[in-house]
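These notes are about the structure you will find just below.
The values are calculated or read from the model by the stated rules, or taken from the named source; none is laboratory data. This structure is a prediction, so every number in the text was calculated from the model and none was measured. Here the Cβ positions follow ideal geometry from the backbone for every residue, glycine too, while neighbour counts run over all protein chains shown. Accessible surface is based on the protein model in full, side chains and every heavy atom, while ligands, DNA and RNA are left aside. Shrake-Rupley method; radii C 1.70, N 1.55, O 1.52, S 1.80 Å.
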Amino acid sequence: RLPFTTDGYISLSKRGYPRLALTCYHPTLPNEWVEVLRLCGLKSRVEYRNDSWCKAAEIKVEKTDIPLFWEMGGFIEGVKISKKSKTYKGFEKNELLRIALNKLTGP
């Protein structure tokens with residue numbers, strides 16, 4: 001929960017599809033995070049970018065496992081989305097996670 005609270009994010013695409021990811025620019029650490037998440041029961045994968053110095057950019061959790069992240073406790077309570085997000089700045093991360101869960105499971 002702590003890594004996702006500090007370096008992770010939840011977002012919704014324009015079509016409403018949720019994305020839960022952990023930002024990590026490091027040559028080996030993203031693969032280690034994937035293994036840790038696997039041990040926690042979360043399926044994830046490393047997404048690469050050519051504009052990153054190490055090519056790795058983030059670890060994306062499969063959207064089918066977002067409900068499991070919620071069941072594990074989600075983000076640490078009270079943490080708000082930073083001003084880096086033009087759309088969700090000031091929202092609590094868990095509030096956006098609740099909205100994302102509703103998009104996945106329906107009302």
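Before moving on, here are some points about what is shown:
- Against the test of being charged (D, E, K, R), loosely packed, with under 15 Cβ neighbours inside 10 Å and under 11 Å from the mean Cα position of the chain (by Cα), the options GLU58, GLU62 yield a single qualifying residue, GLU62.
- A Cβ distance below 6 Å, combined with a sequence gap of six or more or placement on separate chains, defines the contacts here; from region 65-81, residues that are under 18 Å from LEU39 (Cβ atoms) reach residues that are open to solvent by 40 Å² or more (accessible area, probe 1.4 Å) and at pLDDT below 95 in the pairs GLY73/ARG1.
- Filter result for GLU77 (assigned to a helix (DSSP H, G or I) and over 14 Å from the mean Cα position of the chain (by Cα)): no
- Filtering region 26-51 to residues that are surrounded by 15 or more Cβ atoms within 10 Å (Cβ to Cβ) and part of a loop (DSSP other than H, G, I, E, B) leaves only LEU42.
- Only a single criterion out of (1) surrounded by 15 or more Cβ atoms within 10 Å (Cβ to Cβ); (2) modelled with pLDDT under 95; (3) assigned to a helix (DSSP H, G or I) is not satisfied by ASN102, namely (1).
- Each residue in region 1-25 was checked for being out of contact with any helix residue (DSSP H, G or I) (no Cβ under 9 Å at 6 or more places or on another chain) and either open to solvent by less than 70 Å² (accessible area, probe 1.4 Å) or at pLDDT 90 or above (or both), and 4 pass.
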